[in-house]
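The values are calculated or read from the model by the stated rules, or taken from the named source; none is laboratory data. These numbers come from a predicted model, not from an experiment. With ideal geometry, Cβ positions are generated from the backbone for all residues, glycine too; neighbour counts draw on all protein chains shown.
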């Protein structure tokens, strides 16, 4: 029995050009392909950027929705993933800005604990409270962005500069500071960088 | 290239984005500088460690399937809303041609009607009386003719005005009527 053409196309996967064309025409198959091919990577990057799995899920969902809405205007100057990541970064910055403004209500704090389903998952807890999460959380947003773009997204210096709209020198300076800060913040027993932090090294 | 210059370009060296000349200079410096070789090795280890740690921490994370469902549902609703807007525009579009045609026909008929009535028969003032008491009268009038024909899918129309002139001799009895 013959399969519908769209299903056959989706099974084979789209190349970047087909995906861009599909997004411009807001083809549901292309949107599905976008989520399937980039969703997980984007979600992981969002988790590292904001340190919270539930927030990361919301951020990625909003990123994809914005991408679908602005798909017809996508000029294809960068790769689809870089474009998506740019949207995610903007949303993450807003998220961090909003969190800074958040005022904790004592009444809410005294309320009964949430049901088990609403607790963050084990991975979430690990990500937030783990050594890496804590160290990342201690960095400022710009330093965290540069670190993640460099070592998770595997971007070159000039690519990071272009992505963030800053100079190569600023990228290198932030990266240098972020690495030093991570080495300082990560406790010796969980430091996976082969040795203890630079301060520990200096003491020895 | 000295140590300071190499450390300044260390990231570009790792990225392989140095110019050819700078690359050669960096290689030459590295071959003779143990401290910079150590710095390079350390930078590679740091990069590898960060990369491994980030990958390990996040590799079990997957975007929940409901996100895909929500995005596709939002797209469907957006397309539905746009489809409705297009429907309204389309219905007007369907009416546009008949309306334009009707307006053209009305204008044409108005033109024909106006010109049919417009150029009224012109009566030339009575000429001097002829012998026998009669008057020579020259009467001119316009006859509009509207024609149309079809050529290779197009309808070509034409409005032609023909002026007719009549020269008549009015008998003497009629000239006395006024």
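Can you tell me which residue in the range B:35-58 is farthest from residue A:49 (Cα to Cα), limited to those that are more than 14 Å from chain A (Cβ to nearest Cβ) and touching a residue at least 12 places away in the same chain (Cβ under 8 Å)?
Taking the range B:35-58 as the starting set, the residues that turn out to be more than 14 Å from chain A (Cβ to nearest Cβ) are B:35-37, B:40.
Narrowing the set further to residues that are touching a residue at least 12 places away in the same chain (Cβ under 8 Å) leaves B:35-36, B:40.
Details: B:35: 34, B:36: 32, B:40: 27 Å.
Once the filter is applied, the top-ranked residue is B:35.
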Exercise. Does residue A:88 meet the test of being more than 10 Å from chain B (Cβ to nearest Cβ), more than 9 Å from the chain's Cα centre (by Cα) and surrounded by 21 or more Cβ atoms within 10 Å (Cβ to Cβ)?
Worked result: no
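In the range A:63-90, which residues are assigned to a loop (DSSP other than H, G, I, E, B) and free of Cβ contacts under 8 Å to residues at least 12 places away in the same chain? Before you say what the answer is, go through the steps one by one.
Initial filter on the range A:63-90 (assigned to a loop (DSSP other than H, G, I, E, B)): A:74-79.
Scanning the range A:63-90 gives A:75, A:77, A:78.
Within the range A:46-56, is there a residue that is buried (at least 16 other Cβ atoms within 10 Å of the Cβ), farther than 25 Å from residue B:60 by Cβ and touching a residue at least 40 places away in the same chain (Cβ under 8 Å)?
Going residue by residue through the range A:46-56, those that are buried (at least 16 other Cβ atoms within 10 Å of the Cβ) are A:46-53, A:55-56.
Right, trim to farther than 25 Å from residue B:60 by Cβ and you get none.
Checking the range A:46-56: not a single residue is buried (at least 16 other Cβ atoms within 10 Å of the Cβ), farther than 25 Å from residue B:60 by Cβ and touching a residue at least 40 places away in the same chain (Cβ under 8 Å).
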For this session: Test each condition in (1) within 12 Å of chain B (Cβ to nearest Cβ); (2) in a helix (DSSP H, G or I); (3) at pLDDT below 90 for residue A:60 and report the one that comes out false.
Result: (3)
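Are any of the residues in the range A:8-27 out of contact with any strand residue (DSSP E or B) (no Cβ under 7 Å at 6 or more places or on another chain), at the interface with chain B (Cβ under 8 Å from one of its Cβ atoms) and assigned to a helix (DSSP H, G or I)?
Looking only at the range A:8-27, we keep the residues that are out of contact with any strand residue (DSSP E or B) (no Cβ under 7 Å at 6 or more places or on another chain), and these are A:8-27.
Cutting the leftovers down to at the interface with chain B (Cβ under 8 Å from one of its Cβ atoms) gives us A:26.
Of the ones still in play, those that are also assigned to a helix (DSSP H, G or I) are none.
No: zero hits.
Would you point out the residue of the range B:3-34, among those that are in a loop (DSSP other than H, G, I, E, B) and within 14 Å of chain A (Cβ to nearest Cβ), that is surrounded by the fewest Cβ atoms within 10 Å (Cβ to Cβ)? Let's see the steps before the verdict.
Filtering the range B:3-34 down to residues in a loop (DSSP other than H, G, I, E, B) leaves B:9, B:16-19, B:33.
Adding the requirement that they be within 14 Å of chain A (Cβ to nearest Cβ) leaves B:9, B:16-19.
Numbers: B:9: 21, B:16: 8, B:17: 16, B:18: 17, B:19: 10.
Within the range B:3-34, the match that is surrounded by the fewest Cβ atoms within 10 Å (Cβ to Cβ) is B:16.
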Problem set entry | residue A:65 vs. criteria crowded, with 20+ Cβ neighbours inside 10 Å and either at pLDDT 85 or above or out of contact with any strand residue (DSSP E or B) (no Cβ under 6 Å at 6 or more places or on another chain) (or both) | no
For this session: Within the range A:168-204, track down each residue that is away from every other protein chain (no Cβ under 13 Å) and either modelled with pLDDT of 90 or more or surrounded by 19 or more Cβ atoms within 10 Å (Cβ to Cβ) (or both).
Result: A:177
For this session: Please indicate, with yes or no, whether at least one residue in the range B:70-88 is within 13 Å of chain A (Cβ to nearest Cβ), at pLDDT below 90, out of contact with any strand residue (DSSP E or B) (no Cβ under 8 Å at 6 or more places or on another chain) and closer than 17 Å to residue A:151 by Cβ.
Result: no
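Given the criteria outside any helix (DSSP H, G or I), surrounded by 15 or more Cβ atoms within 10 Å (Cβ to Cβ) and within 7 Å of chain A (Cβ to nearest Cβ), does residue B:61 qualify?
On the way: outside any helix (DSSP H, G or I): yes; surrounded by 15 or more Cβ atoms within 10 Å (Cβ to Cβ): yes; within 7 Å of chain A (Cβ to nearest Cβ): yes.
Here the answer is yes, as residue B:61 does meet what is asked.
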